[in-house]
1. Among the residues of segment 1-26, which ones are of a type in the set (A, V, I, L, M, F, W, C) and within 17 Å of GLU121 (Cβ to Cβ)?
2. Would you be able to say whether some residue in segment 91-100 is closer than 23 Å to SER120 by Cα, under 14 Å from the mean Cα position of the chain (by Cα) and of a type outside the set (Val, Ile, Thr)?
3. Residues in segment 48-79 that are touching a residue at least 40 places away in the same chain (Cβ under 8 Å), part of a strand (DSSP E or B) and surrounded by fewer than 19 Cβ atoms within 10 Å (Cβ to Cβ): how many?
4. Got at least one residue in segment 60-74 being at pLDDT 95 or above, more than 26 Å from ALA98 (Cα to Cα) and either under 11 Å from the mean Cα position of the chain (by Cα) or of a type in the set (Gly, Ala, Ser) (or both)?
5. How about segment 80-130: which of its residues are charged (D, E, K, R), buried (at least 18 other Cβ atoms within 10 Å of the Cβ) and modelled with pLDDT of 90 or more?
6. For residues in segment 1-47 being among the hydroxyl-bearing types (Ser, Thr, Tyr) and over 17 Å from GLY114 (Cα atoms), which is surrounded by the fewest Cβ atoms within 10 Å (Cβ to Cβ)?
7. Please enumerate the residues belonging to segment 7-50 that are among the hydrophobic types (A, V, I, L, M, F, W, C) and closer than 18 Å to GLY64 by Cβ.
8. Which of (1) assigned to a helix (DSSP H, G or I); (2) farther than 17 Å from LYS111 by Cα does TYR16 not meet, given it meets every other one?
Amino acid sequence: MKTAEASIFIIEDDAYFRETFVDVMGLRGLDVEGAGTGYEGLRRIQELRPSVIVLDVQLPDVHGFDLCRRIKRMPAFRETPILFLSASAQYSDPRDRAEGLLAGAAAFLPKPIGMDRLWSEIERLLPRAQP
């Protein structure tokens, strides 16, 4: 799927993972940018209006669930799919995943995760992001 008009924004504090994600998804024809903190991401998504947001659950400045709720309260992002990622075993419990989905996420995936698997999920969410 070549989606030149589609864009992804990743909010992820692991710089290596974030940069790898930006590079790999950029090779798939997507406009991809990222931020290392929740508040930086919140500011930048308002400027960029991405099609899909990939959000780490554990950020240094704000919990991902709280940030997701805040984003989903913004009229411009009510329909924007948010995909949660988490490396923590703490969030492997189905109740925690349910809380993430109730916060407004469209999907919840564990890390480590391969870029092909991540792309597959983003590709599934992109049609939801189209007006």
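1. Passing the criteria: MET1, ALA6, ILE8, PHE9, ILE10, ILE11, PHE17, PHE21, VAL22, VAL24, MET25.
2. Looking for residues that are closer than 23 Å to SER120 by Cα, under 14 Å from the mean Cα position of the chain (by Cα) and of a type outside the set (Val, Ile, Thr), one finds at least one in segment 91-100, hence yes.
3. Looking only at that region, the number is 1.
4. no
5. Answer for segment 80-130, where residues must be charged (D, E, K, R), buried (at least 18 other Cβ atoms within 10 Å of the Cβ) and modelled with pLDDT of 90 or more: just GLU121.
6. In the first step, residues of segment 1-47 are kept if they are among the hydroxyl-bearing types (Ser, Thr, Tyr); the result is 3, 7, 16, 20, 37, 39.
Subset that is over 17 Å from GLY114 (Cα atoms): 3, 7, 37, 39.
Values: THR3: 18, SER7: 20, THR37: 16, TYR39: 14.
Top of the filtered list is TYR39.
7. Correct list: ILE8, PHE9, ILE10, ILE11, ALA15, PHE17, PHE21, ALA35, LEU42, ILE45.
8. It is condition (2) that TYR16 fails.
The values are calculated or read from the model by the stated rules, or taken from the named source; none is laboratory data. Because the structure is predicted, anything quoted here is derived from the model rather than measured. Every residue, glycine among them, receives a Cβ derived from its backbone with ideal geometry; neighbour counts consider all protein chains shown.
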